[in-house]
Amino acid sequence: MDLKEIRRIVELMNEHGLTHFDMSKDGFHLKLKKGQDLDSLRDLMALMPAQAAPAPASAAAVPAAPEAVAAADGESILSPMVGTFYRKPSPDAADFVNVGDAVSEGQVLCIIEAMKVMNEIKAERSGTITATVAEDGEPVQFGDELFRIK
């Protein structure tokens with residue numbers, strides 16, 4: 001199973017509102033869970049084979065991001081889907097959250113547009129935003145870091 005197949009499964013989960021997916025096939029086991037347990041998603045992304053890595057042209061940009069993010073304290077808030085990241089509800093509105101803002105569980109942090117649907121991404125825990133990692137209006141992938149919270 002390659003990364004494209006896994007991404008398609010995630011897209012289908014989002015389209016149909018599924019929160020769990022478990023599949024075993026030819027000695028391969030894939031288990032996806034959307035929601036509270038994002039640590040397992042980080043583990044899944046870490047275990048992805050090297051062939052699923054981005055193309056060499058974009059690989060040069062990848063090392064800079066982890067160094068910048070490493071400077072910020074806190075826990076990662078990851079993208080639960082593929083889409084376009086927006087920091088505010090409309091172009092002329094204020095950002096949902098900024099660095100230094102205290103947020104509570106369930107508070108909207110951003111919007112990810114996927115297939116013309118605006119999906120509100122909410123905080124899964126209370127804390128303080130220590131970094132905004134994703135760029136406004138830019139595409140994000142499943143598992144990409146959006147914010148850091150402490």
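Going residue by residue through the range 6-13, is there one that turns out to be among the hydrophobic types (A, V, I, L, M, F, W, C), loosely packed, with under 15 Cβ neighbours inside 10 Å, farther than 21 Å from I149 by Cα and modelled with pLDDT of 80 or more?
yes
Please work out which residue is farthest from A114 (Cα to Cα), limiting yourself to the range 24-33 and to residues that are of a type outside the set (D, E, K, R) and free of Cβ contacts under 8 Å to residues at least 12 places away in the same chain.
Among them, the one singled out is G27.
Between a residue in the range 2-20 that is under 22 Å from K116 (Cβ atoms) and any residue that is assigned to a helix (DSSP H, G or I) and of a type in the set (S, T, Y), which pairs come within a Cβ distance under 7 Å, given they are 6 or more apart or on different chains?
none
Which residue, of A131, A93, is of a type in the set (A, V, I, L, M) and in contact (Cβ under 8 Å) with a residue 40 or more places away in the chain?
A131
When you scan the range 103-133, how many residues do you find that are small (G, A, S) and in contact with a Lys or Arg (Cβ under 8 Å, 6 or more places away or on another chain)?
3
The values are calculated or read from the model by the stated rules, or taken from the named source; none is laboratory data. No experiment lies behind these values; they were computed from the predicted model shown. When we count neighbours, we look across all protein chains shown, and the Cβ atoms used for this are built from the backbone with ideal geometry, even at glycine.
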